[in-house]
Amino acid sequence: MGKLLAVALVGIAAALVVERLLTLRNRLNASREIAPVTLPNCQLIKGIESGSEDIDILPNGLAFISSGLKYPGIKSFAPDKPGEIFLMDLNEDYPRAVEMRISRGFDLASFNPHGISTYVDKDDTVYLFVVNHPHQKSTVELFKYVEDDNSLVHLKTIQHDLLTSVNDVVAVGPDSFYATNDHYFSDFILMFLEMFLGLTWSNVVYYSPKEVKEVAAGFYSANGINISPDRKFIYIADILDHNVHVMEKHANWNLTHVKKLQLDTLVDNLSVEPSTGDIWTGCHPNGMKLLYHDLENPAASEVLRIQNILSEEPVVTRVYADNGSVLQGSSVASVYKGKLLIGTVFHRALYCEL
């Protein structure tokens with residue numbers, strides 16, 4: 001009887017493991033292939049060779065680009081090189097990416113930038129918030145942009161017990177922001193176990209010098225985050241649940257659920273077009289290819305445009321799709337006056353004229 005019970009328990013455990021593996025494959029869209037969607041006027045951006053994970057464009061057309069992310073389980077083409085922030089002026093006829101100088105006193109050697117967000121204060125001071133993973137920890141670095149010499153002055157490093165595994169931020173003040181934690185755990189093995197078990201322990205945190213609190217929870221992996229042009233709604237991408245959540249922002253900074261838009265792809269960072277309110281997003285059609293980098297079968301890229309997300313029938317358009325032959329692992333798409341920038345987790349960056 002004891003042997004039969006042991007065999008039964010082993011069988012149940014094996015069945016559970018298989019079920020979890022199949023569920024994880026589905027969440028990663030492991031079998032999905034996409035048809036190409038090309039744009040006529042695109043070129044790879046010179047100088048960006050090891051990622052352009054997030055992009056934020058100021059109202060005046062200056063685009064900040066984070067580059068060089070080293071993230072557990074994800075390919076890096078420059079594992080020993082510190083991360084960088086690039087700047088592009090999209091008003092130029094032939095815009096180019098220029099590496100920004102960062103002020104002395106900041107630890108550049110361990111700079112590992114992830115999501116970014118800009119904030120323009122009432123006096124036109126531009127602040128840049130950068131998610132950083134020095135030594136695989138999570139911090140948010142606050143910089144001030146100095147236009148005269150296109151440099152960044154480091155103001156402070158923000159750390160908190162609630163900011164455990166930060167992926168992206170959206171600034172809502174000169175020293176306040178919402179942040180997504182893409183995992184509950186920060187240890188790589190525990191992060192994988194969390195993903196394998198399908199735990200919905202990912203969350204969103206509001207941070208200010210006076211108050212830090214969880215404002216939304218129950219995500220598989222909260223990723224990109226952004227805000228509507230009227231500042232009333234917060235948009236959150238759940239990359240492993242293939243959707244975008246719309247949350248209403250309240251005066252006390254709490255968030256309440258409004259709706260969820262289900263998609264068929266792994267949604268990464270979100271950019272909002274100020275003039276229209278359209279959401280542009282870089283996506284991963286097949287997350288398995290992103291995790292298991294293969295030069296013969298690279299991670300694909302996909303850009304979606306979401307119009308009228310608050311309506312009963314939002315319009316979702318696939319603007320760009322590539323099998324990885326040009327661009328691998330698209331993570332962000334951002335537009336300015338008919339110009340589109342597409343960034344990637346670890347690969348190149350693409351500039352297109354729509």
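Some points to look at:
- Looking across region 294-323, the residues that are in a loop (DSSP other than H, G, I, E, B), more than 13 Å from Asp278 (Cα to Cα) and not acidic (Asp, Glu) come down to Leu295, Asn297, Pro298, Ala299, Ala300, Asn323.
- Those residues of region 85-108 which are farther than 22 Å from Asn60 by Cβ, charged (D, E, K, R) and either in a strand (DSSP E or B) or in contact (Cβ under 8 Å) with a residue 24 or more places away in the chain (or both), in sequence order: Asp107
- For region 307-318, residues that are touching a Leu at 6+ places or on another chain (Cβ under 7 Å) and either among the hydrophobic types (A, V, I, L, M, F, W, C) or in contact (Cβ under 8 Å) with a residue 60 or more places away in the chain (or both) total 3.
- Qualifying residue in region 131-142 (condition: farther than 24 Å from Ala97 by Cα, among the hydroxyl-bearing types (Ser, Thr, Tyr) and surrounded by fewer than 16 Cβ atoms within 10 Å (Cβ to Cβ)): no
- Whenever a residue of region 214-240 is free of Cβ contacts under 8 Å to residues at least 40 places away in the same chain, its partners that are surrounded by fewer than 21 Cβ atoms within 10 Å (Cβ to Cβ) and of a type in the set (Phe, Trp, Tyr), lying with C-beta atoms within less than 9 angstrom and at least six residues away or across chains, give the pairs Ala217/Trp201; Gly218/Trp201; Phe219/Trp201.
- Some residue of region 100-114 being small (Gly, Ala, Ser) and buried (at least 17 other Cβ atoms within 10 Å of the Cβ): no
- Candidates are the residues of region 147-161 that are surrounded by fewer than 15 Cβ atoms within 10 Å (Cβ to Cβ) and either basic (Lys, Arg) or in contact with a strand residue (DSSP E or B) (Cβ under 9 Å, 6 or more places away or on another chain) (or both); the one that is farthest from Phe233 (Cα to Cα) is Asp149.
- Breaking point among (1) in contact (Cβ under 8 Å) with a residue 24 or more places away in the chain; (2) within 19 Å of the chain's Cα centre (by Cα); (3) assigned to a strand (DSSP E or B), for Phe111: (3)
- Hey, Ser271 closer than 18 Å to Phe233 by Cα, polar (S, T, N, Q) and surrounded by fewer than 19 Cβ atoms within 10 Å (Cβ to Cβ) or not: no
- Looking across region 338-354, the residues that are in a loop (DSSP other than H, G, I, E, B), touching a Ser or Thr at 6+ places or on another chain (Cβ under 9 Å) and over 11 Å from Cys283 (Cα atoms) come down to Phe346, His347, Arg348, Ala349.
- Unmet requirement for Asn254, which otherwise passes all of (1) buried (at least 20 other Cβ atoms within 10 Å of the Cβ); (2) in contact with a Phe, Trp or Tyr (Cβ under 9 Å, 6 or more places away or on another chain): (1)
- Failed item in (1) over 22 Å from Asp230 (Cα atoms); (2) touching a Ser or Thr at 6+ places or on another chain (Cβ under 8 Å); (3) part of a strand (DSSP E or B), with Leu327 passing the rest: (3)
- Region 256-279, residues that are in a strand (DSSP E or B) and either in contact (Cβ under 8 Å) with a residue 60 or more places away in the chain or within 19 Å of the chain's Cα centre (by Cα) (or both): Lys260, Leu261, Gln262, Leu266, Val267, Asp268, Asn269, Leu270, Ser271, Val272, Ile279
For every residue, the table says whether it meets (1) out of contact with any Ser or Thr (no Cβ under 8 Å at 6 or more places or on another chain); (2) of a type in the set (A, V, I, L, M, F, W, C); (3) farther than 27 Å from Leu58 by Cα.
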position	(1), (2), (3)
Ala171	no, yes, no
Ala179	yes, yes, no
Met191	no, yes, yes
Met195	no, yes, yes
Ser202	no, no, yes
Ala217	no, yes, yes
Arg231	yes, no, no
Ile236	no, yes, no
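- Strands (runs of 3 or more DSSP E) wholly inside region 28-83 that include at least 2 residues being surrounded by fewer than 22 Cβ atoms within 10 Å (Cβ to Cβ) and in contact with a Leu (Cβ under 7 Å, 6 or more places away or on another chain): 42-44
The numbers here are math on the coordinates, done by the rules we state, and not lab data. Please read all numbers here as calculations on a predicted model, not as lab measurements. Don't worry about glycine lacking a Cβ; one is built from the backbone with ideal geometry, like all the others, and counts go over all protein chains shown.
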